[in-house]
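Report on the following structure.
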Amino acid sequence: MNKEIVVTEVALRDGSHAISHSFTVDQVTQVVGALDNANVPFIEVSHGDGLGGSSIQYGFSKTDEMKLIEAAVSSTKNSAISVLLLPGIGTVKELKEAHQLGAKMVRVATHVTEADVSKQHISLGKELGMETVGFLMMSHMVPPEKLLEQARLMESYGADTVYVVDSAGALLPHEVRTRIKLLKENLTVNVGFHAHNNLSLAMANTLAAIEEGATRIDGSVRCLGAGAGNTQTEVLVSVLERMNIQTGIDVYKMMDLAEELVAPILPEPQEITKGSLVLGYAGVYSSFLLHAYRAAEKYHLDPRDILLELGNRKVVGGQEDMIIDVASELAGYKIS
(Lines give C-alpha, C1' and ligand atoms only; values in the text may rest on other atoms or scores of the structure.)
Protein backbone atom coordinates (compact mmCIF):
# COMPACT_ATOMS: atom_id res chain seq x y z
CA MET A 1 0.00 0.00 0.00
CA ASN A 2 2.11 2.86 -1.28
CA LYS A 3 0.05 5.70 0.17
CA GLU A 4 0.77 8.97 1.92
CA ILE A 5 -1.12 9.61 5.14
CA VAL A 6 -1.40 13.05 6.77
CA VAL A 7 -1.50 12.77 10.56
CA THR A 8 -3.06 15.28 12.94
CA GLU A 9 -1.78 14.96 16.52
CA VAL A 10 -4.67 15.56 18.93
CA ALA A 11 -3.21 14.89 22.39
CA LEU A 12 -3.04 18.60 23.21
CA ARG A 13 -6.78 18.91 22.52
CA ASP A 14 -8.45 15.52 23.03
CA GLY A 15 -6.01 14.74 25.82
CA SER A 16 -7.23 17.81 27.65
CA HIS A 17 -10.24 15.73 28.76
CA ALA A 18 -7.98 13.17 30.44
CA ILE A 19 -6.19 15.74 32.59
CA SER A 20 -9.17 17.99 33.40
CA HIS A 21 -8.06 20.69 30.94
CA SER A 22 -4.93 21.48 32.95
CA PHE A 23 -2.28 21.92 30.21
CA THR A 24 0.24 24.66 30.91
CA VAL A 25 2.15 26.93 28.55
CA ASP A 26 5.39 25.12 29.39
CA GLN A 27 3.90 21.71 28.63
CA VAL A 28 2.44 22.87 25.30
CA THR A 29 5.69 24.60 24.33
CA GLN A 30 7.79 21.51 25.02
CA VAL A 31 5.45 18.97 23.43
CA VAL A 32 4.71 21.06 20.34
CA GLY A 33 8.41 21.79 19.85
CA ALA A 34 9.19 18.07 19.98
CA LEU A 35 6.30 17.17 17.65
CA ASP A 36 7.47 19.82 15.21
CA ASN A 37 10.98 18.38 15.38
CA ALA A 38 9.52 14.94 14.61
CA ASN A 39 7.85 16.43 11.52
CA VAL A 40 4.21 15.97 12.57
CA PRO A 41 2.25 17.98 9.96
CA PHE A 42 -0.71 19.15 12.10
CA ILE A 43 -0.94 19.63 15.86
CA GLU A 44 -4.31 20.43 17.42
CA VAL A 45 -4.39 22.72 20.46
CA SER A 46 -7.52 23.94 22.25
CA HIS A 47 -9.86 23.08 25.11
CA GLY A 48 -11.02 19.47 24.93
CA ASP A 49 -14.44 20.65 23.76
CA GLY A 50 -12.92 23.10 21.32
CA LEU A 51 -12.60 26.87 21.25
CA GLY A 52 -14.66 28.50 23.99
CA GLY A 53 -15.06 25.22 25.86
CA SER A 54 -13.68 26.52 29.16
CA SER A 55 -16.89 26.79 31.20
CA ILE A 56 -18.73 25.36 34.19
CA GLN A 57 -20.50 22.88 31.90
CA TYR A 58 -17.43 21.47 30.13
CA GLY A 59 -14.74 22.21 32.70
CA PHE A 60 -12.59 25.30 33.13
CA SER A 61 -9.12 25.41 31.58
CA LYS A 62 -6.17 25.93 33.89
CA THR A 63 -4.62 28.19 31.23
CA ASP A 64 -6.48 30.33 28.70
CA GLU A 65 -6.54 28.34 25.47
CA MET A 66 -5.52 31.37 23.41
CA LYS A 67 -2.28 31.50 25.42
CA LEU A 68 -1.76 27.82 24.68
CA ILE A 69 -2.42 28.36 20.96
CA GLU A 70 -0.01 31.30 20.91
CA ALA A 71 2.65 29.21 22.67
CA ALA A 72 2.09 26.36 20.22
CA VAL A 73 2.44 28.60 17.16
CA SER A 74 5.63 30.14 18.53
CA SER A 75 7.10 26.64 19.06
CA THR A 76 6.74 25.47 15.45
CA LYS A 77 8.92 25.84 12.40
CA ASN A 78 7.20 23.41 10.04
CA SER A 79 4.08 22.02 11.69
CA ALA A 80 0.72 23.79 11.39
CA ILE A 81 -1.42 24.41 14.45
CA SER A 82 -5.04 23.30 14.27
CA VAL A 83 -8.01 24.21 16.44
CA LEU A 84 -11.34 22.48 17.02
CA LEU A 85 -14.61 24.39 17.07
CA LEU A 86 -18.08 23.15 18.02
CA PRO A 87 -20.72 25.64 16.82
CA GLY A 88 -22.70 26.75 19.84
CA ILE A 89 -19.65 26.47 22.09
CA GLY A 90 -17.02 28.25 19.98
CA THR A 91 -17.94 31.42 18.13
CA VAL A 92 -16.77 33.44 15.15
CA LYS A 93 -14.91 35.73 17.56
CA GLU A 94 -12.78 32.88 18.95
CA LEU A 95 -12.06 31.48 15.51
CA LYS A 96 -10.84 34.87 14.29
CA GLU A 97 -8.67 35.25 17.39
CA ALA A 98 -7.13 31.80 16.94
CA HIS A 99 -6.43 32.61 13.29
CA GLN A 100 -4.77 35.91 14.24
CA LEU A 101 -2.53 33.99 16.64
CA GLY A 102 -1.41 31.77 13.78
CA ALA A 103 -3.70 28.72 13.68
CA LYS A 104 -3.69 27.33 10.13
CA MET A 105 -6.49 24.74 10.27
CA VAL A 106 -9.95 24.69 11.83
CA ARG A 107 -11.93 21.51 12.36
CA VAL A 108 -15.62 22.29 12.72
CA ALA A 109 -17.27 19.53 14.74
CA THR A 110 -20.97 18.74 14.91
CA HIS A 111 -23.13 15.82 15.94
CA VAL A 112 -23.45 13.46 13.01
CA THR A 113 -26.99 14.64 12.21
CA GLU A 114 -26.31 18.37 12.58
CA ALA A 115 -23.86 19.23 9.80
CA ASP A 116 -26.07 22.17 8.79
CA VAL A 117 -24.88 24.18 11.82
CA SER A 118 -21.29 24.05 10.53
CA LYS A 119 -21.85 26.25 7.47
CA GLN A 120 -20.99 29.60 9.05
CA HIS A 121 -17.74 28.44 10.62
CA ILE A 122 -16.52 26.34 7.68
CA SER A 123 -17.22 29.30 5.37
CA LEU A 124 -15.38 31.68 7.69
CA GLY A 125 -12.41 29.33 7.89
CA LYS A 126 -12.20 29.38 4.09
CA GLU A 127 -12.46 33.18 4.03
CA LEU A 128 -9.60 33.42 6.51
CA GLY A 129 -7.45 31.17 4.32
CA MET A 130 -7.41 28.29 6.79
CA GLU A 131 -7.58 24.64 5.89
CA THR A 132 -11.09 23.57 6.86
CA VAL A 133 -12.30 20.22 8.10
CA GLY A 134 -15.80 18.91 8.77
CA PHE A 135 -15.83 16.66 11.84
CA LEU A 136 -18.88 14.38 12.11
CA MET A 137 -18.94 13.20 15.72
CA MET A 138 -20.67 10.08 17.07
CA SER A 139 -20.68 8.57 13.57
CA HIS A 140 -21.79 5.20 14.94
CA MET A 141 -25.26 6.60 15.70
CA VAL A 142 -26.57 6.77 12.12
CA PRO A 143 -26.65 4.47 9.08
CA PRO A 144 -23.87 5.03 6.49
CA GLU A 145 -26.30 6.68 4.05
CA LYS A 146 -27.21 9.35 6.63
CA LEU A 147 -23.52 9.92 7.34
CA LEU A 148 -22.92 10.49 3.62
CA GLU A 149 -25.80 12.97 3.45
CA GLN A 150 -24.26 15.01 6.26
CA ALA A 151 -20.75 14.73 4.80
CA ARG A 152 -22.03 16.13 1.51
CA LEU A 153 -23.37 19.16 3.36
CA MET A 154 -19.95 19.87 4.87
CA GLU A 155 -18.33 19.40 1.46
CA SER A 156 -20.80 21.88 -0.05
CA TYR A 157 -19.88 24.47 2.61
CA GLY A 158 -16.23 24.32 1.52
CA ALA A 159 -14.65 21.71 3.79
CA ASP A 160 -11.33 20.44 2.40
CA THR A 161 -11.72 17.20 4.37
CA VAL A 162 -14.61 15.41 6.05
CA TYR A 163 -13.95 13.11 9.01
CA VAL A 164 -15.75 10.06 10.26
CA VAL A 165 -15.40 10.52 14.01
CA ASP A 166 -15.82 7.57 16.36
CA SER A 167 -16.30 9.75 19.44
CA ALA A 168 -17.47 6.87 21.63
CA GLY A 169 -14.99 4.27 20.36
CA ALA A 170 -18.05 2.18 19.51
CA LEU A 171 -17.49 1.35 15.82
CA LEU A 172 -16.34 -2.10 14.73
CA PRO A 173 -13.87 -2.49 11.82
CA HIS A 174 -16.48 -3.59 9.28
CA GLU A 175 -18.60 -0.58 10.21
CA VAL A 176 -15.63 1.73 9.65
CA ARG A 177 -14.97 0.13 6.26
CA THR A 178 -18.55 0.63 5.11
CA ARG A 179 -18.60 4.31 6.12
CA ILE A 180 -15.20 5.26 4.71
CA LYS A 181 -15.81 3.40 1.46
CA LEU A 182 -19.15 5.16 0.94
CA LEU A 183 -17.63 8.60 1.54
CA LYS A 184 -14.64 7.90 -0.71
CA GLU A 185 -16.91 6.83 -3.55
CA ASN A 186 -19.18 9.87 -3.28
CA LEU A 187 -17.09 12.84 -2.11
CA THR A 188 -14.44 14.79 -4.01
CA VAL A 189 -12.68 16.04 -0.86
CA ASN A 190 -10.30 14.19 1.47
CA VAL A 191 -11.79 11.66 3.88
CA GLY A 192 -10.45 11.37 7.42
CA PHE A 193 -10.89 9.14 10.46
CA HIS A 194 -10.68 9.82 14.20
CA ALA A 195 -10.73 6.80 16.52
CA HIS A 196 -11.11 6.15 20.24
CA ASN A 197 -9.77 3.04 21.91
CA ASN A 198 -12.60 2.21 24.30
CA LEU A 199 -13.11 -1.25 22.75
CA SER A 200 -9.39 -1.70 22.01
CA LEU A 201 -10.11 -1.17 18.30
CA ALA A 202 -8.55 2.22 17.59
CA MET A 203 -5.62 0.82 15.62
CA ALA A 204 -7.68 -1.83 13.83
CA ASN A 205 -10.32 0.74 12.91
CA THR A 206 -7.72 3.23 11.74
CA LEU A 207 -6.05 0.65 9.49
CA ALA A 208 -9.47 -0.35 8.12
CA ALA A 209 -10.14 3.32 7.33
CA ILE A 210 -6.79 3.69 5.58
CA GLU A 211 -7.34 0.54 3.56
CA GLU A 212 -10.66 1.97 2.33
CA GLY A 213 -9.04 5.24 1.28
CA ALA A 214 -8.94 7.61 4.26
CA THR A 215 -5.84 9.79 3.96
CA ARG A 216 -6.27 12.14 6.95
CA ILE A 217 -5.79 10.31 10.23
CA ASP A 218 -5.78 11.41 13.88
CA GLY A 219 -3.46 10.09 16.56
CA SER A 220 -2.70 10.96 20.17
CA VAL A 221 0.83 10.48 21.43
CA ARG A 222 1.04 8.09 24.39
CA CYS A 223 -2.68 7.46 23.75
CA LEU A 224 -3.44 10.74 25.59
CA GLY A 225 -7.11 11.38 24.84
CA ALA A 226 -10.64 11.13 26.22
CA GLY A 227 -11.88 7.76 27.44
CA ALA A 228 -9.22 5.15 26.71
CA GLY A 229 -7.51 7.58 24.35
CA ASN A 230 -7.12 7.61 20.59
CA THR A 231 -4.99 5.72 18.10
CA GLN A 232 -1.51 5.97 19.64
CA THR A 233 0.52 8.13 17.27
CA GLU A 234 3.98 6.67 17.77
CA VAL A 235 2.55 3.15 17.36
CA LEU A 236 0.52 4.17 14.31
CA VAL A 237 3.56 5.68 12.56
CA SER A 238 5.59 2.55 13.30
CA VAL A 239 2.88 0.25 11.93
CA LEU A 240 2.41 2.35 8.80
CA GLU A 241 6.14 2.26 8.08
CA ARG A 242 5.98 -1.54 8.31
CA MET A 243 3.21 -1.37 5.72
CA ASN A 244 5.22 0.94 3.43
CA ILE A 245 2.76 3.78 4.03
CA GLN A 246 4.49 7.12 4.33
CA THR A 247 3.72 9.78 6.94
CA GLY A 248 7.00 11.71 6.93
CA ILE A 249 7.12 11.47 10.73
CA ASP A 250 10.30 10.42 12.55
CA VAL A 251 9.48 7.25 14.49
CA TYR A 252 12.38 7.45 16.96
CA LYS A 253 11.63 11.07 17.84
CA MET A 254 7.97 10.18 18.42
CA MET A 255 8.98 7.35 20.72
CA ASP A 256 11.30 9.64 22.67
CA LEU A 257 8.87 12.51 23.15
CA ALA A 258 6.10 10.08 24.15
CA GLU A 259 8.31 8.62 26.86
CA GLU A 260 10.12 11.73 28.05
CA LEU A 261 7.59 14.56 27.68
CA VAL A 262 4.05 13.21 27.46
CA ALA A 263 4.15 10.26 29.88
CA PRO A 264 4.95 12.55 32.87
CA ILE A 265 1.87 14.66 32.07
CA LEU A 266 -0.50 11.73 32.49
CA PRO A 267 -1.81 11.33 36.04
CA GLU A 268 -1.86 7.57 35.37
CA PRO A 269 -1.13 5.42 32.30
CA GLN A 270 -3.88 5.51 29.69
CA GLU A 271 -5.58 2.14 29.63
CA ILE A 272 -8.94 0.52 29.01
CA THR A 273 -10.60 0.62 32.42
CA LYS A 274 -14.11 -0.56 33.15
CA GLY A 275 -15.26 3.04 32.76
CA SER A 276 -13.76 3.61 29.32
CA LEU A 277 -14.80 0.13 28.22
CA VAL A 278 -18.43 0.86 29.02
CA LEU A 279 -18.19 4.06 26.94
CA GLY A 280 -17.60 1.97 23.84
CA TYR A 281 -20.06 -0.69 24.93
CA ALA A 282 -22.82 1.87 25.52
CA GLY A 283 -21.86 4.14 22.62
CA VAL A 284 -21.39 7.22 24.81
CA TYR A 285 -19.24 10.28 24.09
CA SER A 286 -15.74 9.65 25.46
CA SER A 287 -15.44 12.99 27.28
CA PHE A 288 -18.37 11.96 29.54
CA LEU A 289 -16.15 9.61 31.55
CA LEU A 290 -14.77 11.99 34.18
CA HIS A 291 -18.14 13.73 34.53
CA ALA A 292 -19.81 10.35 35.14
CA TYR A 293 -17.25 9.39 37.80
CA ARG A 294 -17.81 12.65 39.64
CA ALA A 295 -21.58 12.25 39.50
CA ALA A 296 -21.30 8.63 40.66
CA GLU A 297 -19.24 9.67 43.67
CA LYS A 298 -21.72 12.41 44.57
CA TYR A 299 -24.77 10.14 44.35
CA HIS A 300 -23.09 6.89 45.52
CA LEU A 301 -23.69 5.09 42.21
CA ASP A 302 -21.76 2.82 39.88
CA PRO A 303 -20.56 5.10 37.03
CA ARG A 304 -21.30 2.30 34.57
CA ASP A 305 -25.00 2.54 35.36
CA ILE A 306 -24.90 6.26 34.57
CA LEU A 307 -23.06 5.73 31.29
CA LEU A 308 -25.35 2.91 30.17
CA GLU A 309 -28.42 5.03 30.88
CA LEU A 310 -26.89 7.93 28.94
CA GLY A 311 -26.40 5.52 26.05
CA ASN A 312 -30.00 4.32 26.30
CA ARG A 313 -31.14 7.93 26.07
CA LYS A 314 -28.80 8.60 23.15
CA VAL A 315 -27.27 11.60 24.91
CA VAL A 316 -24.63 13.35 22.78
CA GLY A 317 -21.82 15.88 23.18
CA GLY A 318 -23.15 19.20 24.41
CA GLN A 319 -25.58 17.53 26.80
CA GLU A 320 -23.15 17.14 29.70
CA ASP A 321 -25.74 18.65 32.05
CA MET A 322 -27.78 15.46 31.52
CA ILE A 323 -25.15 13.46 33.41
CA ILE A 324 -26.15 14.99 36.74
CA ASP A 325 -29.85 14.69 35.87
CA VAL A 326 -29.47 10.99 35.06
CA ALA A 327 -27.41 10.34 38.20
CA SER A 328 -30.00 12.11 40.35
CA GLU A 329 -32.81 10.05 38.82
CA LEU A 330 -30.94 6.78 39.26
CA ALA A 331 -30.17 7.67 42.88
CA GLY A 332 -33.88 8.34 43.43
CA TYR A 333 -34.80 4.95 42.00
CA LYS A 334 -32.20 3.32 44.25
CA ILE A 335 -33.62 4.98 47.37
CA SER A 336 -37.22 4.19 46.49
In deg cm²/dmol, rounded to 500, what helix-only [θ] at 222 nm does the chain give when every DSSP H run of at least 4 residues adds -39500 (n - 2.57) and the total is split over its residues? -13000 deg cm²/dmol
Anchor LYS184: lysines whose Cα lies under 18 Å away (excluding residues fewer than 8 positions away in-chain): LYS3, LYS146
Could you work out the relative contact order of the chain, using alpha carbon pairs under 8 angstrom and six or more residues apart, expressed as a whole percent? 17
At a 1.4 Å probe radius, carbon and sulfur cover how many percent of the accessible area of the chain? 49
Could you report region 212-295's accessible area per residue, 1.4 Å probe, as an integer in Å²? 41
Cα radius of gyration and Dmax for the chain (Å): 18.5, 62
What is the distance in Å between the Cα centres of region 144-212 and region 311-325? 23
Which order do you get for HIS291, HIS300, HIS174 if you rank them by accessible area with a 1.4 Å probe, largest at the top? HIS300, HIS174, HIS291
Just the accessible area per residue of region 3-73, please: how many Å² with a 1.4 Å probe? 33
Using a 1.4 Å probe on heavy atoms of the protein chains only, the accessible area for GLU185 in Å², nearest 10, reads 120
Straight-line reach from LYS298: which lysines fall under 21 Å, measuring Cα to Cα and dropping same-chain residues less than 8 apart? LYS274, LYS334
Can you tell me the accessible area per residue over region 134-179, all protein chains present, probe 1.4 angstrom, in square angstrom? 31
With contacts defined as alpha carbon pairs under 8 Å and 6 or more residues apart, what's the relative contact order of region 1-128 in percent? 24
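The values are calculated or read from the model by the stated rules, or taken from the named source; none is laboratory data. No experiment lies behind these values; they were computed from the predicted model shown. Quick note on the areas: whole protein, heavy atoms, side chains included, nothing else; ligands and nucleic acids left out. Shrake-Rupley method; radii C 1.70, N 1.55, O 1.52, S 1.80 Å.
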